[in-house]
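Since the structure comes first, as structure tokens, the remarks are kept for the end.
The values are calculated or read from the model by the stated rules, or taken from the named source; none is laboratory data. Only a predicted model underlies this, so the values are computations on that prediction, with no experimental measurement involved. Don't worry about glycine lacking a Cβ; one is built from the backbone with ideal geometry, like all the others, and counts go over all protein chains shown.
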Amino acid sequence: MTVSNSGPMGMGAKRRQPSLSQLRAFAAVAEHLHFREAAAAIGMSQPALSGAVSALEETLGVTLLERTTRKVLLSPAGERLAVRARAVLAEVGALLEEAEAVRAPFTGALRLGVIPTVAPYLLPAVLRLVHDRYPQLDLQVHEEQTATLIDGLNTGRLDLLLLAVPLGVPGVVELPLFDEDFVLVTPPEHPLGGRAGVPREALKELNLLLLDEGHCLRDQALDICREAGRADAPVTTTAAGLATLVQLVAGGLGCTLLPRTAVTVETSRSTQLRTASFAEPAPTRRIAFARRTGAARGAEYEELAGALREALRPLPVRVLGGDD
């Protein structure tokens with residue numbers, strides 16, 4: 001008897017392989033656990049995304065998702081294979097990055113992630129710099145919170161981050177740009193409004209308004225309070241962004257801390273605000289670029305950091321050298 005290996009299940013059969021679009025669709029669903037949000041995140045229609053995931057399940061011969069009328073869950077197999085899918089996509093991203101790096105520098109796409117408490121105040125300088133000095137660079141900006149940005153950098157979804165440091169994340173190199181002071185923002189009748197040299201200890205008595213959880217600026221403000229000797233900072237009111245935060249201050253609900261680069265933009269929204277500066281050494285934050293260790297375009301990012309430092313000198317910040 002002769003046994004043929006040429007049949008569909010024989011050893012000689014060619015195994016079907018998933019496409020990158022199928023892997024991207026599945027990785028997006030695994031991240032968002034919601035078809036509409038996943039489709040929006042990767043710019044794919046919801047029917048196309050659903051079809052891509054179904055095709056991937058058929059190709060792999062396993063059920064990746066548990067679908068109900070209300071939500072989407074990963075199956076046990078989906079949990080395991082989502083890790084593999086993200087790794088494959090990260091490697092493909094690294095391959096594309098490497099290919100871009102061997103071409104002319106500062107060409108192709110640069111996916112820049114920026115935190116919300118930096119984006120409105122520094123992006124004008126970044127965009128002018130790129131437009132004037134690197135016209136062939138396709139700058140793509142993504143505004144997200146720190147944890148999401150770091151995840152995007154590690155998975156290859158983003159190339160470079162602009163955010164507050166230190167991060168203390170393995171495999172990430174920080175390129176410091178500048179330090180800036182924090183400023184106290186108060187309602188107009190507050191006794192500290194308009195003062196210079198306010199001691200940090202004054203924070204112990206203030207009703208301090210903060211951003212929502214997930215914003216690094218919230219964590220920095222709480223750290224400043226602890227350094228001032230305030231063991232706890234009860235939070236009764238929060239805001240999703242600095243624009244809302246200063247309006248809450250203008251309405252008399254409390255005071256808040258703003259980084260110096262945000263003061264002019266945010267306090268111009270209302271006449272019912274005053275600012276106060278802290279005594280030296282004032283509380284500060286450091287802003288930097290962050291890239292992956294061994295990034296193929298690392299030299300370009302270093303050059304971009306140096307050029308941006310020079311462009312930022314007119315701002316009320318202390319520009320740092322590359323070794324700071």
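From the list T256, T238, T244, T264, the lone residue that is modelled with pLDDT under 90 and within 26 Å of the chain's Cα centre (by Cα) is T238.
Give G214, G229 a once-over and let me know the one that is more than 29 Å from I150 (Cβ to Cβ), assigned to a loop (DSSP other than H, G, I, E, B) and in contact (Cβ under 8 Å) with a residue 12 or more places away in the chain.
Values: G214 fails: more than 29 Å from I150 (Cβ to Cβ).
Matching residue, one of G214, G229: G229.
From the list L64, L149, the one residue that fits, being of a type in the set (A, V, I, L, M) and assigned by TED's automatic domain parsing to the domain that holds R36, is L64.
Within region 21-78, the residues that satisfy the criterion of being polar (S, T, N, Q), out of contact with any strand residue (DSSP E or B) (no Cβ under 7 Å at 6 or more places or on another chain) and farther than 23 Å from G152 by Cβ are S50, S54, T59, T63, T68, T69.
Taken over region 93-127, residues that are of a type in the set (V, I, T) and in a helix (DSSP H, G or I) amount to 2.
For region 153-170, the count of residues that are part of a helix (DSSP H, G or I) and out of contact with any strand residue (DSSP E or B) (no Cβ under 6 Å at 6 or more places or on another chain) is nonzero. Within region 279-324, the set of residues being of a type in the set (D, E) and more than 19 Å from L163 (Cβ to Cβ) comprises E280, E303, E310, D323. Looking across V130, V88, V141, one residue alone is surrounded by fewer than 18 Cβ atoms within 10 Å (Cβ to Cβ) and either assigned by TED's automatic domain parsing to the domain that holds D223 or in a loop (DSSP other than H, G, I, E, B) (or both). It is V141.
When each of P47, P116, P76 is tested for being out of contact with any Lys or Arg (no Cβ under 8 Å at 6 or more places or on another chain) and in the same structural domain as E302 (by TED's automatic domain parsing), the lone residue that passes is P116.
Of all residues in region 255-270, those that are part of a loop (DSSP other than H, G, I, E, B) and touching a residue at least 24 places away in the same chain (Cβ under 8 Å) total 2. Considering the conditions (1) more than 19 Å from D181 (Cα to Cα); (2) in contact (Cβ under 8 Å) with a residue 24 or more places away in the chain, G294 is excluded by exactly one of them, (2). Being loosely packed, with under 12 Cβ neighbours inside 10 Å, over 17 Å from A28 (Cβ atoms) and of a type outside the set (S, T, N, Q) is the filter here, so list the residues in region 59-81 that pass it. Selection gives G61, R70, P76. For the residues L177, L209, the requirement of being modelled with pLDDT of 90 or more and within 22 Å of L304 (Cβ to Cβ) singles out L177. A single entry from A196, A202 fulfils the requirement of being in a helix (DSSP H, G or I) and either more than 26 Å from the chain's Cα centre (by Cα) or of a type in the set (V, I, T) (or both): A202. Restricting attention to region 28-76, the residues that are in a helix (DSSP H, G or I) and among the hydrophobic types (A, V, I, L, M, F, W, C) add up to 16.
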